[in-house]
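The structure appears right after this line, and notes come after that.
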Amino acid sequence: MRIKFLSVIACFLLMSIAISSCLSSDDEYEVSSDATVHAFGLDTIHGKHYPFTIDQVKREIYNIDSLPVGSDTIIDSILIDTFYVTGYVTSHVSGDAPDTILNINNYQNLTGAATVEGLKFKIYAADGLTTRDYTLRINIHQQEPDSLQWTNMTDRIAGFPSASIANRQKAVTLDNNLLVYVLEGTSLTAYRTSTKTFNSWEQISVQGLPALDRIPAFVKNSNETVSPQADAEDVLYASTGDGNVYRSTDGISWNLVEALSGNVETLISSFQGQLIGILDHEGNSYLVTAQEGNTAWPAIDSNTPTVPEEFPTENIYSTEFQTANMLDEIMIVGKTTGEKIIPWAYDGHNWAQMDPGTSYDSYCLTANIGYYPSIIYYGGQFYITGERLQNFYKSDAGLAWYKTESMFLLPKDVELRGNYSLAVDNDNFIWLVIGQSSGTPNEVWRGRLNRLGFKQQ
């Protein structure tokens with residue numbers, strides 16, 4: 001029962017005791033000494049009700065799900081629609097004296113609850129003697145949760161502006177490091193920085209890979225089951241265009257994986273700890289998934305799917321996600337020559353072309369982003385961008401794509417460029433690396449949705 005009724009009931013109860021006493025009754029009545037808050041709630045804010053948690057040990061009332069940005073202009077005149085106690089409440093709201101009885105029929109100014117000190121309430125039990133003090137704290141987002149905030153890290157990472165990043169590149173996050181691979185002639189150069197401290201940009205000579213005519217296809221496997229390294233959570237695999245596959249735990253020193261080598265056209269992705277690739281067999285290309293533990297590719301037979309005509313085979317970006325019914329899948333994009341970017345999805349059994357078959361209004365067009373797309377699944381949505389670095393395209397399920405007009409945007413100072421790469425680290429930061437072009441220097445940006453950086457309460 002709400003406070004406005006409970007206080008009245010308490011008064012009637014005291015009156016009944018007095019009357020009973022006047023009638024010389026021998027019965028004894030005990031009035032409740034419960035001075036706890038059993039429930040608390042505010043009127044809806046922007047049409048949504050925000051439940052409040054009560055910590056009876058600390059005697060604090062607070063909302064775990066923070067109110068939207070700007071709610072301080074709403075809680076300055078708001079109804080408390082729920083305040084369950086057995087007696088009554090006094091407060092110091094709206095400049096009232098501390099012993100003022102709270103009337104929840106009136107609108108309240110609760111802006112004091114949005115401060116560090118919070119707002120104090122004193123709870124009186126029905127016996128009028130037992131009291132408890134509670135503090136109300138209303139948590140309000142200080143940032144727009146769904147806004148993507150970028151920071152230019154170029155000058156924060158020592159040595160980055162002078163790094164030679166002009167040719168085709170690929171950014172990879174491995175444990176707590178960001179590695180950017182750049183093809184220099186026929187050899188691969190790596191630049192590395194910590195995603196935690198990013199205090200230096202280290203140029204490293206890659207060891208163990210053969211002469212190259214392209215950037216390798218890199219695949220990160222986070223569920224390694226064969227000879228895992230005790231100090232490494234992630235393992236990188238790379239296909240080098242010569243039919244072979246290499247493996248590394250640090251991204252610098254590579255070793256040939258003989259069981260997976262010989263006729264690999266390219267690696268595509270990993271799925272539930274297993275590698276996915278394209279194999280050449282008797283002049284045809286097949287989509288295959290490595291056997292458990294990535295020990296070997298399966299034998300090619302009549303049931304092995306061939307590579308569809310429009311399937312991407314170069315500059316592949318893949319992203320893992322879960323469907324609405326909690327099934328694991330991956331989605332990929334790659335270099336294209338068409339008018340639109342069409343992703344492909346894999347559920348562990350079959351590949352599906354994510355083509356909605358509708359007008360160009362729902363497509364991600366190469367005219368707008370370029371022919372080298374990248375894809376991420378981030379904050380519950382799919383996003384695609386490309387080397388034009390002008391727009392993000394967003395999709396809920398990977399079928400219909402629409403240009404983002406607000407909130408989730410590329411850095412406004414980024415210009416139309418050529419070579420770029422994109423990676424997401426373990427702290428939900430998006431790293432955008434842009435190579436030097438036409439006299440413009442290298443750039444590296446780090447961005448994150450505000451809500452993915454909020455502390456969990």
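Computed from the C-beta positions of GLN56 and LEU129 and an R0 of 25 Å, the FRET efficiency is 0.80 to the nearest 0.05. The magnitude of the dipole of the range 238-307, with charges of +1 and -1 set on the Cβ of Lys/Arg and Asp/Glu and taken from the Cα centre, is near 160 debye. Restricting the calculation to Cα atoms, the range 158-209 shows an Rg/Rh of 0.95 when the hydrodynamic-style radius is the Kirkwood one. Bridging of LYS335 to lysines at a Cα separation below 26 Å is possible for LYS170, LYS220, LYS394, LYS403, LYS412, once same-chain residues fewer than 8 apart are set aside.
Eigen-decomposition of the gyration tensor built on the alpha-carbon atoms of the range 300-457 gives equivalent ellipsoid semi-axes of 26, 21, 15 angstrom, largest listed first. Each of the peptides 298-310, 113-125, 269-281, 237-249 was scored by the mean count of other Cβ atoms within 10 Å over its residues; in descending order, highest first, they stand as 237-249, 269-281, 113-125, 298-310. Considering only alpha-carbon pairs that sit under 8 angstrom and 6 or more positions apart, the relative contact order computed for the range 113-180 is 20 percent. Within a straight-line Cα-Cα reach of under 24 Å, LYS58 can be paired with the following lysines, leaving aside sequence neighbours fewer than 8 residues apart in one chain: LYS120, LYS122, LYS455.
The helix-only estimate of mean residue ellipticity at 222 nm for the chain, built from DSSP H runs of length n ≥ 4 each weighted as -39500 (n - 2.57), is -2000 deg cm²/dmol after division by the residue total. For the pair GLU202 and LYS412, a Förster radius of 30 Å applied to the C-beta separation gives a FRET efficiency near 0.50, rounded to the nearest 0.05. Between ASP242 and ASN284, the contour length at 0.36 nm per residue exceeds the Cα-Cα span by 13.5 nm. Taking 0.36 nm per residue of separation and subtracting the Cα-Cα distance, full extension of the segment from LEU79 to SER187 would add 32.1 nm.
Considering all C-alpha pairs of the range 238-307, those separated by over 18 Å amount to 33%. The dipole here belongs to the chain: it is taken about the Cα centre, uses +1 on the Cβ of Lys and Arg and -1 on the Cβ of Asp and Glu, and is about 1080 debye.
Rounded to the nearest whole angstrom, the semi-axes of the ellipsoid equivalent to the chain, taken from the Cα gyration tensor as √(5λ), stand at 61, 24, 21, largest first. Between THR440 and SER253, the modelled labels are 3.9 nm apart [label points 7 Å from Cα along Cα→Cβ]. Using only side-chain charges placed at the Cβ, +1 for Lys and Arg and -1 for Asp and Glu, the dipole size of the range 79-189 relative to its Cα centre rounds to 280 debye. Estimated from the Cβ-Cβ distance and a Förster radius of 56 angstrom, the FRET efficiency linking GLU310 and VAL116 is about 0.45. A dipole drawn for the chain from +1 and -1 charges on Cβ atoms has a positive end, and of VAL37, THR195, ILE434 the residue lying farthest that way is ILE434. The string of couplings for the range 191-206 from the Karplus curve (6.51, -1.76, 1.60, θ = phi - 60°) is 10, 9, 9, 7, 6, 8, 10, 5, 9, 7, 10, 9, 8, 10, 7, 6 Hz, one whole number per residue in order, with x for Gly and Pro. With a simple spin-label model that places each label point 7 Å from the Cα along the Cα-to-Cβ direction, the separation between ASN428 and THR358 comes to 2.8 nm.
Out of every Cα-Cα pair in the range 273-315, what percent are more than 14 Å apart? The answer is 47 percent, as a whole percent.
The modelled label-to-label distance between ASP155 and ASP34, using points 7 Å beyond Cα along the C-beta direction, is 6.3 nm. The calculated Kirkwood hydrodynamic radius for the range 350-430 is 13.5 Å, given to one decimal from all distinct C-alpha pairs.
Read-outs: derived from the displayed coordinates by stated rules, not from any lab. Model, not experiment: these values are computed from the prediction. Positions of Cβ are generated from backbone atoms using ideal geometry, with glycine treated the same way; all protein chains shown enter the neighbour counts.
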